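A short worksheet on the structure shown next.
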Amino acid sequence: MPDDSPAAGLVPIATDPTIAEIAAALSEPQKALPARLFYDEAGCALFGRITQLPEYYVTRAEMALLDRHAAEIASHAPYGSVLVEYGASDEAKAVRLLNAEAAHFAAYVPIDIAPAALAAMEGRLHASHPGLTVRPVVADFLLPLALPDAVRGRPAFGFFPGSTIGNFRPPMVVQFLRGVRATLAGTDAPAFVVGTDLRKDPSAMIPAYDDAAGVTAAFNRNILCHVNRLTGADFDPDAFAHRAIWNIHEGRIEMHLQSRAAQTVRLGGRAIAFAAGETIHTEDSYKHTRESFLALATKAGWRSAGFWTDPRGLFGMHLLRG
């Protein structure tokens, strides 16, 4: 998710989609919207609420995993390593590795597109970990990037917690993992720890995307508010129903917005017609087995060097070696 101050190793940051990009996505046979449109200020706040919902098991399962296995995970990082966290909007998960009994991290590089969040994190870590070198990088981690000069040459230990990688379609997973290898290349035996939401019975997964309080529905519909603000479109969010479905053939939860009636939306001088029941595909969340994820990692040039899961087997973390 998404300082005013630049950070070393910057690359161009991904911008909001253009009107043409949004209109093109809504003109496909299966209408869609770029998922990055979820995360305006309101969307980030709603997602924060989602992670606290009783149905949303992902964060709790991951924290249980880290609380149980952080020391073992951190023990795989050589002395003096730099912990490189992808998508680091806060340090809550990284500190479990930084504080682990077996940890020997000398530096921390959080990478995210939100400069204000990174600046605030840097300030907190300077106070809580005064001996730790902290070098935030403001960047879109899906684009090529280089580590800051201050930490180059140290052993690199990549960290991608959460289940964000589940939002990537398989070819994109391979592309991303190749990019991480390129970023961490040049260090001795680069390592990468990646979190994945494990595949399980749909009855356990679907409520996490369709909670009883309707917070996820509000999060999904808020994407239309963001489109309206960016483009001057006239979407009525209440004219669309939230839908979460399990696509067994693709191994993913899909989120859709379903038109409640036939309607026409104006966007950038274009008229976009919706039939009653027609949907906008807003998000994919792939649920990997251990084997299916490792097959993708192998294509990207990584090999498995470890795997951990929470006590209930809901969430997994892979240790990959380049």
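Data for the structure
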quantity: Cβ-based exposure ranking for 38, 157, in which fewest neighbours within 10 Å come first; calculated: 38, 157
quantity: 26 Å Cα-Cα reach of residue 200 towards lysines, excluding residues that sit fewer than 8 places from it in its own chain; calculated: 93, 287, 299
quantity: Computed lengthening from residue 92 to residue 290, 0.36 nm per intervening residue step minus Cα-Cα distance; calculated: 68.8 nm
quantity: Under the Debye formula (equal points on every Cα, no solvent term), log10 I(q)/I(0) of the stretch 52-156 at q = 0.17, 0.20, 0.24 Å⁻¹; calculated: -0.83, -1.11, -1.37
quantity: Per-pair calculated FRET efficiency, R0 = 22 Å: residue 178 and residue 305 via Cβ, rounded to 0.05; calculated: 0.80
quantity: Note, ³J(HN,Hα) from phi for the stretch 216-228, Karplus 6.51, -1.76, 1.60, rounded to Hz, x at Gly and Pro; calculated: 5, 4, 5, 4, 5, 5, 4, 4, 6, 5, 5, 4, 4
quantity: Cα-derived Rg over Rh, computed across the chain with Rh taken as Kirkwood radius; calculated: 0.98
quantity: Stokes-Einstein diffusion coefficient of the stretch 237-322, Kirkwood radius over Cα pairs, 25 °C, 0.890 mPa s, in µm²/s; calculated: 152 µm²/s
quantity: Gain upon complete extension [residue 49, residue 249; 0.36 nm per residue less C-alpha separation]; calculated: 69.0 nm
quantity: Residue-span extension gain [residue 206 to residue 79] - 0.36 nm each, minus C-alpha spacing; calculated: 41.5 nm
quantity: Simple spin-label estimate for residue 264 and residue 276 in nanometres, 7 Å along Cα-Cβ; calculated: 1.8 nm
quantity: Computed FRET value (nearest 0.05) for residue 101 with residue 169, which takes r as the C-beta separation and R₀ as 41 Å; calculated: 0.60
quantity: Debye log10 I(q)/I(0) at q = 0.08, 0.16, 0.21 Å⁻¹ for the stretch 72-213, Cα point scatterers; calculated: -0.23, -0.87, -1.34
quantity: Derived scalar couplings ³J(HN,Hα) [the stretch 139-148; Karplus, 6.51 cos²θ - 1.76 cosθ + 1.60; whole Hz; x for Gly, Pro]; calculated: 6, 7, 6, 7, 9, x, 8, 10, 6, x
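Every number in this text was worked out from the coordinates using simple rules, so none of it is lab data. From a predicted model like this one, the values you see are computed outputs, not experimental measurements. Please note: Cβ atoms are built from the backbone with ideal geometry, for glycine as well, and neighbour counts cover all protein chains shown.
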